[in-house]
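Undergrad: Quick one: the structure is below, questions incoming.
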Amino acid sequence: MAEALRIGIAGLGTVGASAMRVLAGKAAELTRQCGRDLVVTAVSARDRSRDRGIELGAAEWFDDPVDMARTADIDVFVELIGGDEGPAHACVKAALEAGRHVVTANKALLAKHGVALAEIAESKGVLLNYEAAVAGGIPIIKTMREAMAGNTVSRVFGILNGTCNYILTRMEAEGLSFDECLKDAQRLGYAEADPTFDIEGHDTAHKLAILTSLAFGCRISADDIYMEGISNISQADIQAAGELGYRIKLLGVAQQTESGIEQRVHPTMVPTASVIAQVHGVTNAVAVETDILGELLLSGPGAGGNATASAVVGDIADIAKSRPGFQHGPVFGRPARELNPYRKARMRSHEGGYFIRLTVHDRVGVFAAVAKRMADNEISLESIVQRAPKSMNGTKKTVILVTHATTEAAVRKAVEGVTKDGHLVDKPQVIRIERAD
Ligand code: HSE
């Protein structure tokens, strides 16, 4: 049998502890699959004394993950610390420079430094595997990087954050408050250390930036992503969406347009009958549209210890199976130096349908004024409904508009006009509608 693969794990939080458990619990099966033992020989975490419910065995302990990356007796460095700078960046860079393979679940790191790290990995002839960084346990990286060569992608979109999908699902199904659902997501180990990364869309944006590079063969450009989170989605939006035949999901969308690549993260209305609308709870889903394959949709557990550990262990096993001296495939599907510059499409040029919810004073002419602002901006309306919910005591009304395809620029101008007219009693709500089958 070949020599054991020596693994160093940095970060023993929810995912790190789950990965240790899987490696120990499935050791015999992994050895049969890989033709060699997979042994954790080094670990690093902040607090040595913490009880994580796992056996560290004979693994050497390192207080400093960078020291571990440089000096430990390991073939593979597994980074599960998180964060786009600091120790996570330093130790991944050090491990690659030392000629060690790296496995990481760190989407923030890859969104910021992925191309530079890929250049190091490729120059050293080692693997940088990151299946766990996008959509938890769904094997979307391997699918896009390896199985879809030759396809030209037109759009990739998906539910990429388990915490947000969990919150939106429970708000709709159980009428619970946003805060209650977020607390449960934290308790279940889905949320980031700082949950604003989840609910304000950063986590989805990091994952989308990686998918965009794989989809369009371009350099990663996370700073060019238009981003809105779900913290201002209310029960009123969820109910109105349901009545109109839609469901609200936080989507990440990257799309090739004539003027460049559009990357956006925002709450989105998708038809209730579409497949993506059926993706509930912590489940993630990624849809890829291409010229050869047509539409592919993968869905599965998107967050939590076991889902993420499944992808981490799969990446480690790939390294264990790779042959010594074999030239490894490029990190982002083509050599880093061959990635095209990112060409950004302007968000104001985005075309699609829109849901607009306005809370207005109940007085003569408001409805007509709103309709006029839409017409002045050449926005064609699919529907316009006025309601007077009992909770509004007869002094205010809700006007809900659904537009046909129009541009972001037109909608922004129309809503600015309505606001200037002085009829609104509350902030206007605008939610984009996405085409989905
Ligand atoms: N906080 C992330 C989520 C974890 O909720 O999807 C997986 O990246």
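The values are calculated or read from the model by the stated rules, or taken from the named source; none is laboratory data. Since we're looking at a predicted model, the values are computed, not measured. Note that we place each Cβ from the backbone using ideal geometry, even for glycine, and neighbour counts take in every protein chain shown. Ligands, DNA and RNA are stripped out before the accessible areas are found, and what is left, the full protein with its side chains, is counted by its heavy atoms. Shrake-Rupley method; radii C 1.70, N 1.55, O 1.52, S 1.80 Å.
Undergrad: For region 340-391, enumerate the residues that are closer than 15 Å to V415 by Cβ, among the acidic types (D, E) and surrounded by 12 or more Cβ atoms within 10 Å (Cβ to Cβ).
TA: Hit for region 340-391 is D376, nothing else.
Undergrad: A follow-up question, please. Checking the condition in contact with a Cys (Cβ under 8 Å, 6 or more places away or on another chain), farther than 30 Å from A27 by Cβ and more than 16 Å from the ligand (Cβ to nearest atom), which residue from L381, L339, L296, L358 passes? It would help to see each step written out before you state the result.
TA: Details: L381 fails: in contact with a Cys (Cβ under 8 Å, 6 or more places away or on another chain); L296 fails: in contact with a Cys (Cβ under 8 Å, 6 or more places away or on another chain); L358 fails: in contact with a Cys (Cβ under 8 Å, 6 or more places away or on another chain).
So the residue among L381, L339, L296, L358 that is in contact with a Cys (Cβ under 8 Å, 6 or more places away or on another chain), farther than 30 Å from A27 by Cβ and more than 16 Å from the ligand (Cβ to nearest atom) is L339.
Undergrad: Going by the structure shown, is R337 part of a helix (DSSP H, G or I), farther than 23 Å from D421 by Cβ and either open to solvent by 30 Å² or more (accessible area, probe 1.4 Å) or modelled with pLDDT of 95 or more (or both)?
TA: yes
Undergrad: Six or more apart or on different chains, Cβ atoms under 9 Å: show the pairs whose first residue is in region 56-81 and assigned to a strand (DSSP E or B) and whose second is surrounded by 23 or more Cβ atoms within 10 Å (Cβ to Cβ) and of a type in the set (D, E).
TA: As it stands, the answer is V76/D315; V78/D315, since those pairs meet every condition given.
Undergrad: Okay, moving on. Name the pairs: first residue in region 4-18 and within 16 Å of M68 (Cβ to Cβ), second residue at pLDDT below 95 and not small (G, A, S), Cβ to Cβ under 7 Å, at least 6 apart or on different chains?
TA: Going by the 7 Å Cβ cut-off, the qualifying pairs are L12/R52.
Undergrad: Do any helices (runs of 4 or more DSSP H) entirely within region 136-251 hold 2 or more residues that are within 15 Å of the ligand (Cβ to nearest atom) and not acidic (D, E), and if so, which? Break it down stepwise before answering.
TA: On the way: elements: 162-174, 178-187, 196-199, 202-216, 235-243.
It comes to 162-174, 178-187, 196-199, 202-216.
Undergrad: Can I ask one more? Taking region 120-135 as the region of interest, how many residues are within 13 Å of the ligand (Cβ to nearest atom) and among the hydrophobic types (A, V, I, L, M, F, W, C)?
TA: 4
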